[in-house]
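The values are calculated or read from the model by the stated rules, or taken from the named source; none is laboratory data. These figures come from a predicted structure and were not determined experimentally. All Cβ positions, even for glycine, are placed from backbone atoms using ideal geometry, and neighbour counts span all protein chains on display. Just the protein is used for accessible areas: all its heavy atoms, side chains included, with ligands, DNA and RNA removed. Shrake-Rupley method; radii C 1.70, N 1.55, O 1.52, S 1.80 Å.
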Amino acid sequence: MSEWYFKKNEQKVGPFTNIEMVALYKKREIQDSTLVQKSPHPEWVTLKQTELYRHAQNHGNSELKIGNLFSAVFKKHSKEEGEKVFIAGTKYTTPATSDIPHSWPHPWVFSRVFLVLIVTYFLLLACTYLFDNSNTIPGLMVIGSFAVPFSVLLFFFETNAPRNISVFDVVRMFFIGGVAALVATLIIYSIIPVGKLNYFNALLVGFIEETGKMIIVALFIRSLNSKYILNGLLIGAAVGAGFAAFESLGYAFNYSVDAAFLFKDIHIAGETMLNVIFSRGWQSIGGHVVWAAITGAALVIAKGDQKLGMHHIFTGTFWKWFIIPIALHFVWDCPFNPLPEIAFKQIVLIVVVWFVILRLISKGLKQVSVISAASKATK
């Protein structure tokens, strides 16, 4: 590891690591003109003359730029550009640490996948209702329940700047992780039964379901030995998206069956199914997917450079972030619900959670910047 010294009031101060030097620069404790020395080289040069300076400058590129985040969605892209996104994460396409981009991302593929799924949904809708073909109802429920969670997941895949997690891993975490999180949650429910959703039980639901997802997210983070906050966001989103998709599919099926049994009318059952798919679909942009993404980031932040262990879950660093999805889940499910006719509570909670997500993406990009600077400075 490189050791750096700098002069302050004609005194030699140090040693510092690459990451510490970048941090000192960002805190303005050292300047462009500060004389620095890199061990074992004896000469003193200004910070501006070193490789470390350029990366310290680039460290600022990860500041929040919400206005530019979706700018690429409305631009025309070639098929080759899309292919480059999907081949990420293999040993041939994962960039070296020093080459990881740390500027604010411009995801767009997720919007194209969402469009494909929505077109598929409406084609199935036409088959079902225009041609009275009941064989397409299962497909309608599956595509309708999966469209938004899977598209949001791809947003996190595109914002994973290290490009070190493949599409295969994402799909594996979506299906196996999502269902495993459901199993973990049901096991906890069997131990801690929950009744009618009053304020206390809503808090229990938030704690139980977020803990169930957290267990599975932690297993994947430990298995992949992920060190980047952006990795944590992606892994959490993958598990949360699977959880949300299969849960919504179950609600769509059960509510339609209950409506058919209660009203003895297949048309009412169909309307009930479509209403469930629509409401849970658009609301899933601020539900399980992003709640679990926060949990994944929290686990990576808590573990730092270490292998994730049980003790990291009981640290204040982890709970400072993990309390957010629990609190949001509680408010989402609790009886307090002003202006339900316009889903006012859900809209507010979606805005709040995405503010947290964007802050975590920014924090993750800053982390990438520091690690990239340290890697290049040691070459």
Query - Matching option when the condition is loosely packed, with under 15 Cβ neighbours inside 10 Å and either within 24 Å of Phe278 (Cβ to Cβ) or touching a residue at least 40 places away in the same chain (Cβ under 8 Å) (or both), among Phe110, Phe131 - result: Phe131
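Restricting to the stretch 269-302, name every residue that is open to solvent by 30 Å² or more (accessible area, probe 1.4 Å) and under 12 Å from the mean Cα position of the chain (by Cα). Show your work before the answer.
To start, the set of residues in the stretch 269-302 that are open to solvent by 30 Å² or more (accessible area, probe 1.4 Å) comprises 271-272, 274-275, 278-280, 282-283, 285, 301.
Result: Ile285, single match.
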Report summary line: A careful count of residues in the stretch 178-234 that are more than 16 Å from Gln306 (Cα to Cα) and among the hydroxyl-bearing types (Ser, Thr, Tyr) gives 5
Query raised in the report: What tally of residues in the stretch 303-322 results from selecting those that are outside any helix (DSSP H, G or I), open to solvent by less than 50 Å² (accessible area, probe 1.4 Å) and either free of Cβ contacts under 8 Å to residues at least 24 places away in the same chain or out of contact with any helix residue (DSSP H, G or I) (no Cβ under 7 Å at 6 or more places or on another chain) (or both)?
Result: 3
Query raised in the report: Within the bounds of the stretch 160-180, is there any residue that is farther than 23 Å from Ile87 by Cβ, free of Cβ contacts under 8 Å to residues at least 40 places away in the same chain and surrounded by fewer than 18 Cβ atoms within 10 Å (Cβ to Cβ)?
Result: no
Query raised in the report: Which of the residues spanning the stretch 323-379 are touching a Leu at 6+ places or on another chain (Cβ under 8 Å) and outside any helix (DSSP H, G or I)?
Result: Cys334, Pro335
Query raised in the report: How many residues are open to solvent by 40 Å² or more (accessible area, probe 1.4 Å) and either within 20 Å of Ala237 (Cβ to Cβ) or not acidic (Asp, Glu) (or both) when one looks only at the stretch 333-353?
Result: 12
Query raised in the report: Going through the stretch 32-66 one residue at a time, which ones are of a type outside the set (Gly, Ala, Ser), open to solvent by 80 Å² or more (accessible area, probe 1.4 Å), over 17 Å from Ala373 (Cα atoms) and modelled with pLDDT of 75 or more?
Result: Pro40, His41, Pro42, Glu43
Query - Pair list, Cβ < 7 Å and 6+ apart or interchain, from the stretch 212-235 residues that are surrounded by fewer than 24 Cβ atoms within 10 Å (Cβ to Cβ) to residues that are among the acidic types (Asp, Glu) - result: Lys227/Asp305
Query raised in the report: Can you name the residue in the stretch 11-22 that is of a type in the set (A, V, I, L, M, F, W, C) and open to solvent by less than 40 Å² (accessible area, probe 1.4 Å) and, of all such residues, is modelled with the lowest pLDDT?
Result: Val22
Report summary line: Flagged pairs (Cβ under 8 angstrom, 6 or more apart or on separate chains; first in the stretch 194-208, closer than 16 Å to Ile326 by Cα and part of a helix (DSSP H, G or I); second of a type in the set (Gly, Ala, Ser) and open to solvent by less than 80 Å² (accessible area, probe 1.4 Å)) are Asn201/Gly195; Gly206/Ala327
Report summary line: Listed by first then second residue, the pairs whose first member lies in the stretch 337-366 and is within 21 Å of Phe70 (Cβ to Cβ) and assigned by the TED database to the domain that holds Val289, whose partner is open to solvent by 60 Å² or more (accessible area, probe 1.4 Å) and acidic (Asp, Glu), with beta carbons under 7 Å and at least 6 positions apart or on separate chains, are Ser362/Glu63
Report summary line: Among residues of the stretch 84-107 being open to solvent by 90 Å² or more (accessible area, probe 1.4 Å) and in a helix (DSSP H, G or I), the residue modelled with the lowest pLDDT is Asp99
Report summary line: Pairs returned, first residue in the stretch 142-153 that is closer than 8 Å to Phe114 by Cβ, second residue that is outside any helix (DSSP H, G or I), beta-carbon separation under 6 angstrom, 6 or more apart or interchain, are none
